[in-house]
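All remarks here apply to the structure that follows.
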Amino acid sequence: MQQLYRVWEESGLFGVVDAAVASQYHNHWIALIIALFIPILMIFARNEVRNRRLRMISDFIASYPTTKPASPQAAALTGDPFAYGNNPSLEFVASKYTSDLQRTPKIQLWMNAAEMVTEIEDLIQKSRIFGNRGDFRLLFSSIGFMAMSYYGFVHLFDALQNGLQVITAADPATCLPGTSAAGSCCAPGTVRNELEIVGSLAFAGAFIAALRIFIGSLAVFDLSAYTFLRQAVEIFASVLIVIFLYMAFADPTAAITSFATGGAGTRTCGEISWVWMALAPLLGLMPQSATKFLLVRMQSVLSWVKMDDDRFNRVTRSTPLDVIDGISYATRFRLEECGIYDIQNLAVYNPILLYVESPYGIYQTVDWVAQAQLCHIVGLERFLLLRELHVRTIFDLERAIDFRMRPFNSQDEGDGNEIAQPAQDGAQPAAVPQALPPALPAGVPVGPAWEETDQFDRIYAGILFAATDTMRSIGTISGIKPLVMGEDRKMTPVDLEDYCRHAWEAISQDEKRMKICVEYLMGWIADDLHVRRLRRVWQEISDSLGWRSERLDRRAPKVKRPDPPPAP
């Protein structure tokens, strides 16, 4: 910059332009272009991802409109007592992609499907490639990242042009650590050049790590001002820490040799160890979480540091996604881009959001989440065993042992398929039946005959109450022995195998009691917020398919096809 200022004083503006495009400034221009281009490209990609996913959300709303009536509060706000509500899970997905496009939220829970589709299409039309609300805030927050990228690439290009060789300011000399005698240390210019090379290599690794973070943030639409600010700080911290480590251990191999032989360590000026050529970019690539992991692992070396209780590490491992039917090894890595790393992450994930943010269909995502919820609730061992007995998802288990899952019969009372009309003149609201399927054909068991299927309660409850290897390992490590009351009313400690047997015998001695207890168990398993959300999505899709999709029949189409037009 000082050289350009001198040129400005001597030759004016045209002289500055000529000097700026001269060969010695090519690296500066390339670095500046890269520093400006990356944030702009990320913001452009963010808007493109938004438009594509808003279109998918709009298509989903149009294909699977909600069939549940709105709440009384929403009906009062809309003035329509017969208005349909909206799926809260879908509302959260839509708000994620529209929050920074609106001054005030316009997509509300009481909107019907047509209104939501119209509003989303309007937002898509108003959205621009660059210049939306929030784009300039993102660009302003990326100034620190631009500055770090510019100076980093300038020094990196200079180092690469010199072949990563140190330009010595004087003859190489040997400097003993801690020695301050004149002439015994490296020339300042030589040390500065070494630090520039090592720092630029660390910057290269940190910049690649930042790009990965940006791409991952785009995948889940999480690119924000915090992302740019954090990566600017991460790059600065990585380069600074690597420089400090290099000054402390300039030649790690020589330090190890001197420690083993007991001699004094030496340092050769003008040379960078091959260890640092490989280690500097790797340390730049290392995220903050990896540094924390190393510090946690070092607790076993530092006895005076309070340590974690790792006795149960073997039985508390994360369940991989590969156990889900339909998730391959390649699919697992694609799901990790959405922040889904194990079964628990998938079990609590919004299936609509997963459909929008991944290349997989809505039926596939619903099936995966339902499988993951069953695996997360009952454990991996029971999940795999239940799958061999034709129970793949949490809803399969619910239908197998839940007393409320019975064939529909239009003669049943209180089936919940009515919509209450508003009361007139204080009268009780009347129930208006929806379009319902006809009664079951003759021969289909209804009522008492259906109760015979309660044998499935005993079949599948025997698996739910069985002891697993994980349970036995926990008992062995912890030394816990549950207490069981004997016939003499005395408490006796038993192992977990006997305790599970005792629990099953306690509820299965009477068929009626066994049925109540098993279905009560299924009730609290199914009464989970994530299961209820998935059930709502499942019901919406099922209702959109219609009752005729529940079973095959041989009925002729109800609507007669029109005759072809007469020939002219």
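If A248 satisfies every condition in (1) among the small types (G, A, S); (2) modelled with pLDDT under 65; (3) surrounded by fewer than 13 Cβ atoms within 10 Å (Cβ to Cβ) but one, which is the exception?
For A248, the exception is condition (2).
Checking V239 against (1) in a helix (DSSP H, G or I); (2) within 17 Å of L156 (Cα to Cα); (3) at pLDDT below 90; (4) not polar (S, T, N, Q), which test does it fail?
(3)
Say we look at the stretch 375-393 and pick out the residues that are within 15 Å of R533 (Cβ to Cβ) and either modelled with pLDDT of 95 or more or of a type outside the set (A, V, I, L, M, F, W, C) (or both); which of these is surrounded by the fewest Cβ atoms within 10 Å (Cβ to Cβ)? Give the steps one after another, and end with the answer.
First, pick out the residues of the stretch 375-393 that are within 15 Å of R533 (Cβ to Cβ): 376-377, 393.
From what's left, either modelled with pLDDT of 95 or more or of a type outside the set (A, V, I, L, M, F, W, C) (or both): 376, 393.
Numbers: H376: 21, T393: 23.
Taking the candidates together, the pick is H376.
Would it be correct to say that K558 is assigned to a loop (DSSP other than H, G, I, E, B) and either modelled with pLDDT of 90 or more or surrounded by 13 or more Cβ atoms within 10 Å (Cβ to Cβ) (or both)? Talk me through it step by step, then tell me what you get.
Details: assigned to a loop (DSSP other than H, G, I, E, B): yes; either modelled with pLDDT of 90 or more or surrounded by 13 or more Cβ atoms within 10 Å (Cβ to Cβ) (or both): no.
Considered against the rule, which asks whether it is assigned to a loop (DSSP other than H, G, I, E, B) and either modelled with pLDDT of 90 or more or surrounded by 13 or more Cβ atoms within 10 Å (Cβ to Cβ) (or both), K558 comes out as no.
Quick check on the stretch 186-204: of everything there that is polar (S, T, N, Q) and over 33 Å from the mean Cα position of the chain (by Cα), which residue is modelled with the highest pLDDT? I'd like the intermediate steps shown before the answer.
Narrowing the stretch 186-204 to residues polar (S, T, N, Q): 190, 193, 200.
Those still in the list that are over 33 Å from the mean Cα position of the chain (by Cα) too: 190, 193.
Values: T190: 80, N193: 86.
Per the stated criteria, the residue is N193.
Of these, Y520, Y499, which one is aromatic (F, W, Y), modelled with pLDDT of 90 or more and assigned by TED's automatic domain parsing to the domain that holds N313?
Step by step, each of Y520, Y499 is checked, and only Y499 is aromatic (F, W, Y), modelled with pLDDT of 90 or more and assigned by TED's automatic domain parsing to the domain that holds N313.
Residues to consider are K515, K481; find the one that is at negative phi, without any contact (Cβ under 8 Å) to a residue 24 or more places away in the chain and surrounded by 14 or more Cβ atoms within 10 Å (Cβ to Cβ).
On the way: K515 fails: without any contact (Cβ under 8 Å) to a residue 24 or more places away in the chain.
None of the other options fit; the residue is K481.
If you take just the helices (runs of 4 or more DSSP H) that sit entirely in the stretch 4-104, which of them hold at least 2 residues that are modelled with pLDDT under 80 and surrounded by 14 or more Cβ atoms within 10 Å (Cβ to Cβ)?
Working: elements: 26-63, 72-78, 88-98.
Counting at least 2 such residues, we get 72-78, 88-98.
For the subset of the stretch 430-477 comprising residues that are more than 33 Å from the chain's Cα centre (by Cα) and hydroxyl-bearing (S, T, Y), which member is modelled with the highest pLDDT?
T476
Considering each of N112, N132 in turn, give the residue that is of a type outside the set (D, E, K, R), modelled with pLDDT of 65 or more, more than 24 Å from I43 (Cβ to Cβ) and surrounded by 13 or more Cβ atoms within 10 Å (Cβ to Cβ).
On the way: N132 fails: more than 24 Å from I43 (Cβ to Cβ).
On inspection, the qualifying residue turns out to be N112.
Can we say Q364 is assigned to a helix (DSSP H, G or I) and either more than 16 Å from Q539 (Cα to Cα) or in the same structural domain as T98 (by TED's automatic domain parsing) (or both)?
Judged against the criteria, Q364 is not a match.
The values are calculated or read from the model by the stated rules, or taken from the named source; none is laboratory data. This one's a predicted model, so the numbers in the text were calculated from it and none came from an experiment. Cβ atoms come from the backbone with ideal geometry, glycine included; neighbour counts cover every protein chain shown.
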